[in-house]
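What follows is a single structure, written as structure tokens, with notes after it.
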Amino acid sequence: MISRIWHGYTTPVNADLYEKLLKEEIFVGIKNRNITGYKGIQLLRRQISDETEFITIMWFDTVDSVKKFAGDDYERAVVPDKAQKILSRYDKTSQHYEVKIEDFR
């Protein structure tokens, strides 16, 4: 299992709008692509000083599955134009980790 982690930041004023965009459009669009090996996504959110941080954690079977989502340059972040307009800054790359223990109880 591969975990793909990415960070994006908004102003507090744009935080709810960005979260809504993720939930109602971007995540639905990813799911509707029916990518073989895509297992799902998690969204984390926290307020830090004068900005709101979002972290997405995507789950894939293999790096090849990640490439089906992001392309051959799979470490490059996939940030739709609509999201870029709301974000104040974001990671240009995503980090990928091999999941060694999976214990969700």
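Of note:
- Spin-label zone in region 75-105 - amide nitrogen under 18 Å from a point set 7 Å from the Cα of MET1 along the C-beta vector: 95-105
- 222 nm mean residue ellipticity, helices alone, for the chain (DSSP H n ≥ 4; -39,500 (n - 2.57); rounded to 500): -6500 deg cm²/dmol
- Per-selection Rg to Rh, the chain - Cα, Kirkwood hydrodynamic radius: 0.97
- Cβ-based charge dipole, the chain, positive-most Cα from PRO80, LEU21, ASN32: ASN32
- Here MET1, MET58 are placed in order of increasing Cβ neighbour count within 10 Å, fewest first, which gives MET1, MET58.
- Residues with amide H under 5 Å from that of THR62, placed H, sequence gap 5 or more: ILE2
- Fully extending the segment from GLN47 to VAL63 would add 2.6 nm, taking 0.36 nm per residue of separation and subtracting the current Cα-Cα distance.
- Mean Cα-pair separation over length for region 2-98, i.e. relative contact order, pairs under 8 Å, 6 or more apart, %: 46
- Cα-centre dipole for the chain with unit charges at Cβ (Lys and Arg positive, Asp and Glu negative), debye to 20: 200
- Of the trypsin sites (Lys or Arg not before Pro) found in region 30-65, those that fall in a DSSP loop while having at most 11 other beta-carbon atoms within 10 Å are ARG33.
Values quoted throughout were computed directly from the atomic coordinates according to the rules given, and no laboratory measurement underlies them. Because the structure is predicted, anything quoted here is derived from the model rather than measured. Using ideal geometry, Cβ is built from the backbone for each residue, glycine included, and neighbour counts are taken over all protein chains shown.
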